[in-house]
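A short write-up of the structure that comes next.
The values are calculated or read from the model by the stated rules, or taken from the named source; none is laboratory data. Quick caveat: nothing in here was measured; it's all calculated off a predicted structure. Every residue, glycine among them, receives a Cβ derived from its backbone with ideal geometry; neighbour counts consider all protein chains shown.
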Amino acid sequence: MSVENTQATALRVLAQLRHDRRTLALVLVVPPALLTLLRYVFDASPGTFARIGPPLVGLFPLIVMFLITSIAMLRERTTGTLERLMSMPLAKLDLLLGYGLAFAVLATVQAAVTSTVAFSWLGLHTSGSVLAVGALAIANAVLGMALGLFLSAFASTEFQAVQFMPAVLFPQVLLSGLLAPRDDMPHALRIASDLLPVTYAYDALTRVTGGRGGAWLWLDIGVMLGAILLSLMLGAATLRRRTP
Amino acid sequence: MSSPAVEVRVLRVRRGGTVVLPGVSLQIPVGSVTGLLGPSGSGKTTLLRAIVGVQRVESGEVRVLGEPAGTPVQRRRVAYVTQAPSVYTDLTVRENLRYFAQIMGAEASRIDAVADTVGLRAHLGARVAALSGGERSRASLAVALLGGPKLLALDEPTVGLDPVLRRDLWGMFHRLADDGATLLVSSHVMDEAERCDHLVFMREGQIIASASPDQIRRQTGKDDLEDAFIALAEEG
């Protein structure tokens, strides 16, 4: 492992993003635009918007980073740059952490823009600090990145990779409690939601924005960190120096 | 011959269910420009990949500069240029070289040096996506030169290049070999055989000759190396 190689990888990924202005604009504009849309969709029932709005600030980075990472990694595989890196003295962890670092930076900016719009202009309220919401948003971005990195190994085309988002993330968001309380779900779904990382990401966000901290919040954070580590290790296992 | 740069013993490789290399053996002399020639589908790329250490092999042994292929020590002294350029097309040539130089632990001064070597000095600030196919190949080659490799394996590096550039590139290969590096260059174009110190002819996963151009001419009695290849293939 080398700090310099991790840093160089992060800078390289950021340079790629910097050259892709439109992607950068979409990453920063789409989440606040969607929140604004939701605000007016729920114009007649502001209570609903007040309930689902704040956690969404933290869930957007998860979805966006998942998508971007799985496509970026797939591109590394198909263009041969991954094979080249694997034939060089670069530790797999340096590559993964480099990606994580770069996307955490992007997520920080995204979370800052989205929180500003949400909490200053759209009138959303968080009982916890905006900084804590931002920190969770970054953790979610890293979780999304780690999941995307791992799952990209199972996609051989971009068509497949983009569909992992509805296939893997949508069910998790549906089961997380965002749309309906988990306590009201059939038992089997309730159990399933207990096993999915996005459930804990959502729970942590509602606890912070609802001003309810405590031991459960730390459990949520612990599970998220565990899921990040597990995905990174599984992701590292899919990076091969030798291929068939 | 001192200990060879590359030594392959009864190498067997299967890719996607079919046996590509049924059991080849080969030695490549140090400091040579060796041409790996044969039609497409003859197993050249698979053999190169095995030597570079990125190919999963079924059995047999591959040693590079006295050590097994694909071990961590080889990652600093073996460089591989794939047929499709492996560089980031959304970055500039300089950004690509800067990143790979860091990974290879190469000095920053190497960036300008390798850009000069492949004739891309004027294109350092250009995005790879904006370059022509030949320029992209050379950018990919420049990356491989960063670490000053002891063994440089190149898969069809001259495809689509202008004849003048092709000549320059072969001149550069020989200069690198004069400095002690070993070059292994695959090609399906027979007229490139003339430019090599050592030739390895491949056909259907088998090595049908491994010798200097003169030795091959003497052995087959053919002046033209393409005729020599045909004679060796029909002897089979």
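Each row is one residue, and each column tells you yes or no for (1) among the hydroxyl-bearing types (Ser, Thr, Tyr); (2) modelled with pLDDT of 90 or more; (3) over 27 Å from A:Thr48 (Cα atoms).
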{"site": "A:Met185", "(1), (2), (3)": "no, yes, no"}
{"site": "A:Leu195", "(1), (2), (3)": "no, yes, no"}
{"site": "A:Gly213", "(1), (2), (3)": "no, no, no"}
{"site": "A:Leu217", "(1), (2), (3)": "no, yes, no"}
{"site": "A:Ile228", "(1), (2), (3)": "no, yes, yes"}
{"site": "A:Arg241", "(1), (2), (3)": "no, yes, yes"}
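Inside the range A:50-71, can you point out the residues that are under 14 Å from A:Phe164 (Cα atoms) and either within 14 Å of chain B (Cβ to nearest Cβ) or out of contact with any Ser or Thr (no Cβ under 9 Å at 6 or more places or on another chain) (or both)?
Across the range A:50-71, the qualifying residues are A:Leu62, A:Ile63, A:Val64, A:Met65, A:Phe66, A:Leu67, A:Ile68, A:Ile71.
Within the range A:145-159, is even one residue hydroxyl-bearing (Ser, Thr, Tyr) and surrounded by 15 or more Cβ atoms within 10 Å (Cβ to Cβ)?
yes
Are any of the residues in the range A:54-75 without any contact (Cβ under 8 Å) to a residue 60 or more places away in the chain and assigned to a loop (DSSP other than H, G, I, E, B)?
No: the range A:54-75 contains no residue that is without any contact (Cβ under 8 Å) to a residue 60 or more places away in the chain and assigned to a loop (DSSP other than H, G, I, E, B).
Does the range A:195-244 hold any residues that are basic (Lys, Arg) and part of a loop (DSSP other than H, G, I, E, B), and which are they?
Those that are basic (Lys, Arg) and part of a loop (DSSP other than H, G, I, E, B): A:Arg212, A:Arg240, A:Arg241, A:Arg242.
Can you go through B:Arg15, B:Arg9 and tell me which one is within 14 Å of chain A (Cβ to nearest Cβ), of a type in the set (D, E, K, R), over 16 Å from the mean Cα position of the chain (by Cα) and more than 17 Å from B:Ile216 (Cβ to Cβ)?
B:Arg15 is the lone residue from the list that is within 14 Å of chain A (Cβ to nearest Cβ), of a type in the set (D, E, K, R), over 16 Å from the mean Cα position of the chain (by Cα) and more than 17 Å from B:Ile216 (Cβ to Cβ).
Could you list, in sequence order, the residues of the range A:1-45 that are small (Gly, Ala, Ser), part of a helix (DSSP H, G or I) and touching a residue at least 12 places away in the same chain (Cβ under 8 Å)?
Of everything in the range A:1-45, those that are small (Gly, Ala, Ser), part of a helix (DSSP H, G or I) and touching a residue at least 12 places away in the same chain (Cβ under 8 Å) turn out to be A:Ala8, A:Ala10.
Restricting the search to the range A:90-141, which residues are assigned to a helix (DSSP H, G or I), among the small types (Gly, Ala, Ser) and farther than 21 Å from A:Ala204 by Cβ?
Of everything in the range A:90-141, those that are assigned to a helix (DSSP H, G or I), among the small types (Gly, Ala, Ser) and farther than 21 Å from A:Ala204 by Cβ turn out to be A:Gly98, A:Ala102, A:Ser120.
Can you report the number of residues in the range A:7-49 which are more than 14 Å from chain B (Cβ to nearest Cβ) and of a type in the set (Gly, Ala, Ser)?
5
What pairs come out if I take residues in the range A:150-173 that are under 21 Å from A:Leu96 (Cα atoms) and pair them with residues that are at pLDDT 90 or above and surrounded by fewer than 15 Cβ atoms within 10 Å (Cβ to Cβ) whose C-beta lies under 8 Å away, six or more apart or interchain?
Listed by first residue and then by second, the contacts come to A:Phe164/A:Phe154.
If the requirement is being touching a strand residue (DSSP E or B) at 6+ places or on another chain (Cβ under 9 Å), within 21 Å of B:Val64 (Cα to Cα) and of a type in the set (Gly, Ala, Ser), which of these qualifies: B:Ala144, B:Ala193?
B:Ala144
Can you name the strands (runs of 3 or more DSSP E) wholly within the range B:45-157 that have at least 2 residues being more than 10 Å from chain A (Cβ to nearest Cβ) and more than 19 Å from the chain's Cα centre (by Cα)?
B:59-64
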